[in-house]
Amino acid sequence: MNIGGLTFDNKEKWIVTGAAGFIGSHLVDFLLQNNQEVVGIDNFMNGKKENIDFIKKNNSHLLDNFLFFEEDIRSLKIDKLFKGADYVLHQAALGSVPRSFLEPQLFNDININGFINVFNAANAASVKNFVYASSSSVYGDKNNLPQVEDQIGTPLSPYALSKRADEICASFLETSMNVYGLRYFNVFGARQDPNGAYAAVIPKWISGFLDDKDIEVNGDGTISRDFCYIDNVVQANILAALNKKNCLTPEILNIAYGSRTTLTELSALIKNIITEEFNKSPKSKIINKEQRKGDILHSYANIDKARQTISYEPTHSVKDGLVELISNLSN
């Protein structure tokens, strides 16, 4: 499995928190297929056991390199799992803006206290590089486009606030590790949940178009996002972890494709791909609903800093990613 020409000089030990989640499971899968030693941690609050089953089935000949622990990132028991680790990819978090308004204390506890616990465990183990998932939601009410890392506004949800708190904590906690916070912009790809109240829009809409169900659009369709395919995010995590340059202070990097797509454009693109590439004419209707509380209007990343700092270069456009994803879902 190759993404963006990434190569590994040696076999090393990686910790992946949130290993049963959407992004975490892709990271574990990629690392195992490149003969790395991986310790996965997840308590299945968000992650799915099916993702761990997929990893084991897809890497059946490499399972000696994989250990999985059903643990909570808030538990002090995870410290021992970090012994001898070279890199940490911290993906575990609660990630729904709507849900964060209903359970702000839980989001605070997991996304902030859990983050600090993982950070301290990694620091005590003297890992080389610590990479964690932040979010484009930290830009809040700052509407300057494209969004640049040092220009942020007021967070619009408890979720966004928790991710901004992680960035601030990382800047204050003493460490010898190189620390990279990756601000993800609307990641999509295989194994992303299309069901439930907090399902991500792309798998939900693909499933809807394939099944001729109505497509619900929050707002009037002019809301725009910088959608980023999962392979681009995997690439960014590995590049940050393997970057040998010593950081004087923690780095924050936008991880996106670097383009804007409105929800109207996205629905049309998905429908067209299904029609042209897969010979099906969806009969779904578009239904506009009220805009969700806490959602930013537009996201569009300037990715120059990631290019300069870790040599990040997206391999998949939005269309490339959609074609690959729909192909996987329709088989």
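The values are calculated or read from the model by the stated rules, or taken from the named source; none is laboratory data. All figures in this text were calculated on a predicted structure; none of them were measured in a lab. Because the Cβ atoms are built from the backbone with ideal geometry, glycine has one as well, and the counts that use them run over all protein chains shown. We work out accessible area using only protein heavy atoms, side chains counted, and drop any ligands, DNA or RNA first. Shrake-Rupley method; radii C 1.70, N 1.55, O 1.52, S 1.80 Å.
Details
- Test: ASN129 is more than 13 Å from ASN254 (Cβ to Cβ), in contact (Cβ under 8 Å) with a residue 24 or more places away in the chain, among the polar types (S, T, N, Q) and open to solvent by 50 Å² or more (accessible area, probe 1.4 Å): no
- For segment 1-30, filtering for residues that are at pLDDT below 95, of a type outside the set (Phe, Trp, Tyr) and surrounded by fewer than 16 Cβ atoms within 10 Å (Cβ to Cβ) leaves 7.
- Residue in segment 139-148 that is over 14 Å from the mean Cα position of the chain (by Cα), buried (at least 19 other Cβ atoms within 10 Å of the Cβ) and part of a helix (DSSP H, G or I) present: yes
- Considering residues of segment 65-97 that are more than 23 Å from the chain's Cα centre (by Cα) and modelled with pLDDT of 95 or more only, the residue most open to solvent (accessible area, probe 1.4 Å): LYS83
- Positions within segment 255-274 being in a helix (DSSP H, G or I) and either open to solvent by less than 40 Å² (accessible area, probe 1.4 Å) or in contact with a Lys or Arg (Cβ under 8 Å, 6 or more places away or on another chain) (or both), in sequence order: LEU263, LEU266, SER267, LEU269, ILE270, ILE273, ILE274
- Selection status of GLN33, among the polar types (S, T, N, Q), open to solvent by 30 Å² or more (accessible area, probe 1.4 Å) and under 17 Å from ARG191 (Cβ atoms): yes
- In segment 149-180, residue most open to solvent (accessible area, probe 1.4 Å) [restricted to those that are among the aliphatic types (A, V, I, L, M) and farther than 20 Å from ILE15 by Cα]: LEU161
- Filter result (open to solvent by less than 60 Å² (accessible area, probe 1.4 Å), under 17 Å from the mean Cα position of the chain (by Cα) and within 23 Å of GLY140 (Cα to Cα)) within segment 280-317: SER299, ALA301, ILE303, ALA306
- Filter result (in contact with a helix residue (DSSP H, G or I) (Cβ under 9 Å, 6 or more places away or on another chain), within 21 Å of PHE185 (Cα to Cα) and in a helix (DSSP H, G or I)) within segment 202-220: ILE202, PRO203, TRP205, ILE206
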